[in-house]
1. Enumerate the aspartates and glutamates that K34 could reach by cross-link, defined here as Cα to Cα under 17 Å, with residues fewer than 8 away along the same chain left out.
2. Of the peptides 96-107, 145-156, 74-85, how do they stack up when ordered by the mean number of other Cβ atoms within 10 Å, highest first?
3. Roughly speaking, to the nearest percent, how much of the chain's 1.4 Å accessible area is carbon and sulfur?
4. For the stretch 37-112, just run the numbers: alpha carbon Rg, then divide by 2.2 N^0.38 Å, N being how many residues it has.
5. Heavy-atom accessible area per residue, the chain, 1.4 Å probe: how many Å²?
6. As a test of the formula, what do you get for the chain when each DSSP H run with n ≥ 4 contributes -39,500 (n - 2.57) and the sum is divided by the residue count, at 222 nm and rounded to the nearest 500 deg cm²/dmol?
7. Would you compute, for the Cα atoms of the stretch 46-167, the largest minus smallest coordinate along each principal axis and list the three values in descending order, in whole Å?
Amino acid sequence: MARPRKSEIETATTQRILAAAQMHFARLGYEAAKLADIAKDAGITRPSLLYHFESKEKLYNAVVEHVFASLRQLFSGISNSDTDFQGLVEGFTQAYVDFLEEHEHVPAIVIREFAGESGRGQEIVLEQMVPVLDWVESLLTQAGKGNIREGLPIRAAIMQVASDAMV
């Protein structure tokens, strides 16, 4: 397969690989996803894919890191806005739901990792998810002073909204 000319493609190779890999990992899981199939869907060869990501594990990690980096960036824009507590809650919730609609394969990856037996990617998902959760919880706790009752389990509420939106 010859390399496509730059004028024929609009999306960078790395982004095409990540998008194809996200779809395959979500649909099939880490173990069953094949690098050759991911490469084909990205419009490249398997050796070209391995040039960008030297192993399936590194590709999987990059997919998960990319997803959570996008989510952090989205949430960062909301947290930097001049809004009250209710605006933050509504903004985070709507942004999260929109994010999941735009990244339709993300729930399958997360749910597969926590429900599956391999646990291969569970660590990377947790490494990426927990800091986002901690950050949102801290922000809402600070903004919620005087707006929410003392002792309300904010983290549990965030997790409830997040899991409801996924399923």
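1. Hits, sequence-local ones excluded: E54, E57.
2. The peptides rank, most packed first, as 96-107, 74-85, 145-156.
3. The computed percentage sits at 51.
4. Dividing the Cα radius of gyration by 2.2 N^0.38 Å gives 1.44.
5. I get 60 Å² per residue for this part.
6. -24000 deg cm²/dmol
7. 56, 30, 21
The values are calculated or read from the model by the stated rules, or taken from the named source; none is laboratory data. Predicted model only: the values in this text are computed from it and were never measured. We place every Cβ from the backbone using ideal geometry, glycine too, and count neighbours over all the protein chains shown. Heavy atoms of the whole protein, side chains included, go into the accessibility calculation; ligands, DNA and RNA do not. Shrake-Rupley method; radii C 1.70, N 1.55, O 1.52, S 1.80 Å.
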